[in-house]
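Notes follow the structure.
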Amino acid sequence: MYFPSKKDLWLGLVVWLALLLSLVFAIRDHEWAALAILIPTIIFVGWIWFGTGYTITETELLVKCGPFRERIPFGRIQSVRRTRSPLSGAALSLNRLEIRHGHGFTGLTLISPADAAAFLEELKKRCPHADFPSL
């Protein structure tokens with residue numbers, strides 16, 4: 001099952017307004033070097049904005065955030081809890097879920113499924129061993 005990322009309106013406004021205003025001013029002022037940086041940046045941010053989501057398969061959770069991918073086998077998931085952590089993650093909202101799995105740099109992954117209740121229901125079915133405190 002695929003779950004798209006929840007997107008905070010304020011985050012979208014801040015990011016897209018800053019990029020689009022920079023683009024307008026760069027075009028107006030004929031700043032070709034700035035355009036050479038801005039256009040790939042806008043494409044990259046768009047890839048992340050429109051390409052972030054989470055797929056629950058039979059054996060794992062697949063997290064996609066633009067060009068970045070992470071596969072988390074269900075057996076590795078130790079706990080899932082709600083958080084509003086501003087740490088970087090594959091989440092486009094501060095209404096996040098922290099998945100502890102003990103691998104990678106931090107041992108956790110932050111995600112923000114738009115339908116968190118349905119996501120958690122599916123994940124609980126596949127991870128009966130994991131701790132879901134207050135969820």
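Readers should treat all values here as calculations from the given coordinates under stated rules, not as data from a laboratory. Note that this is a predicted model, so its numbers are computed, not measured. Methodologically, a virtual Cβ is constructed for each residue, glycine included, from the backbone with ideal geometry; neighbour enumeration extends over all protein chains shown.
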Checklist outcome for this item: Flagged in region 110-132 as among the small types (Gly, Ala, Ser) and more than 15 Å from Thr55 (Cα to Cα), in numbering order, are Ala130
Item to check | Candidates Val14, Val24, Val45 - the one that is free of Cβ contacts under 8 Å to residues at least 60 places away in the same chain, of a type in the set (Val, Ile, Thr) and surrounded by 13 or more Cβ atoms within 10 Å (Cβ to Cβ) | outcome: Val45
Checklist entry - Within region 99-135, restricting attention to residues that are over 15 Å from Cys65 (Cβ atoms) and part of a strand (DSSP E or B), which residue is nearest to the chain's Cα centre (by Cα)? => result Arg100
Next on the checklist: Being loosely packed, with under 11 Cβ neighbours inside 10 Å and not aliphatic (A, V, I, L, M) is the filter here; which residues of region 27-36 pass it?
Outcome noted: Arg28, Asp29, His30, Trp32
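State the number of residues belonging to region 13-30 that are farther than 17 Å from Trp49 by Cβ and of a type in the set (A, V, I, L, M).
3
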Next on the checklist: Condition check: without any contact (Cβ under 8 Å) to a residue 24 or more places away in the chain and aromatic (Phe, Trp, Tyr). Does Trp32 satisfy that?
Outcome noted: yes
